[in-house]
Amino acid sequence: MIRTEKLTYTYSQGTPFEKTAVNNVDLHIEEGAFVGIIGHTGSGKSTLIQHLNGLIKPTSGKVFIDGEDIHGKNVKLRDVRFKVGLVFQYPEYQIFEETVAKDIAYGPSNMGLSKEEVDTRVKEAASIVGLPDDLLERSPFELSGGQKRRVAIAGVMAMRPKVLILDEPTAGLDPKGREVILGQISEYHRRSHSTVLLVSHSMEDVALYAEKILVMNKGEVFCYDTPPNVFTKADEIAAIGLSVPQVTKVFGLLRQKGIDIRSDVYTVDFAVKTIREYLEQKGRVS
């Protein structure tokens, strides 16, 4: 679904402030995948995702969406942006319409859809993000911060993009709010079968929901693999300044203590299963 070839982007090229934010990135993300993107500040993750719907044009290299070079001849970026929906960090600051329904409808309306189709998409997207019907005719500015964020996310979901990219969608939320938003994004992925890219600073969040994890470091791909394979590199990930889930650290410490137990554990449920299997092997569980 998404492919980059030697993608490179340099800010302030030719000036004393020149900085390469993305360097020679080759990437292939399968259709329908749920990918978590992790990296410390300045790793290039935000610059990378802005290339995927044409907000930034590469200094060199190419970006392909659905097999099409998005900067190729006769390609309209407007069409690319309907296909690749991007939700920025703190999207609630982009709300501007009179009602929740109108705000969610803004994107689909610009696609030239019928009023009936737009209304259907508005209700569908509102349902996915947990906004009840009685909120649709209220002003979005009367809502809580978490509800505003859901409105903004629903507005992109309502366009039914083939690719949904979310840049730190849980930033600033408390643990409960974070859990709700991530659960709704996961439900959207399950129902729509779209490709979802979730940029996050939290390895725990990514570990819970992503099928694959892309780790960025200094503008390059450090690794791109399934969660178990990524978390076998826990020491290397820590060395580049990222934190692995707490449960992964615990199992790393167990191995350091001489306990022969697997180290690619990244969720509590996985940990429970792993400990039970270990104890069964040792004959300590009937």
**Prompt:** Here are A21, A105, A33: which of them is hydrophobic (A, V, I, L, M, F, W, C), assigned by TED's automatic domain parsing to the domain that holds L136 and touching a residue at least 40 places away in the same chain (Cβ under 8 Å)?
**Reply:** A105
**Request:** From the list V122, V118, pick out the single residue that is in contact with a helix residue (DSSP H, G or I) (Cβ under 6 Å, 6 or more places away or on another chain) and farther than 30 Å from E211 by Cβ.
**Result:** V118
**Item:** Unique residue being of a type in the set (A, V, I, L, M), assigned by TED's automatic domain parsing to the domain that holds G44 and within 17 Å of I38 (Cβ to Cβ) when the list is L173, L198
**Value:** L198
**Item:** Neighbours by Cβ (under 6 Å, 6+ apart or cross-chain): first from the range 170-182, more than 14 Å from H201 (Cα to Cα); second assigned to a helix (DSSP H, G or I)
**Value:** G177/G146
**Request:** Evaluate the range 252-274: report whether one residue or more is within 16 Å of P227 (Cβ to Cβ) and touching a Gly at 6+ places or on another chain (Cβ under 7 Å).
**Result:** yes
**Message:** Just to be sure before I move on: is G145 surrounded by fewer than 23 Cβ atoms within 10 Å (Cβ to Cβ) and assigned by TED's automatic domain parsing to the domain that holds G54 in the structure I sent?
**Reply:** no
**Request:** Quick one: in the range 148-165, of everything that is without any contact (Cβ under 8 Å) to a residue 60 or more places away in the chain and either in the same structural domain as G67 (by TED's automatic domain parsing) or in a loop (DSSP other than H, G, I, E, B) (or both), which residue is surrounded by the fewest Cβ atoms within 10 Å (Cβ to Cβ)?
**Result:** R160
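The values are calculated or read from the model by the stated rules, or taken from the named source; none is laboratory data. In this text the structure is predicted, and so the values were computed from the model without any measurement. So basically every Cβ, Gly included, is an ideal-geometry build from the backbone, and we count neighbours across all protein chains shown.
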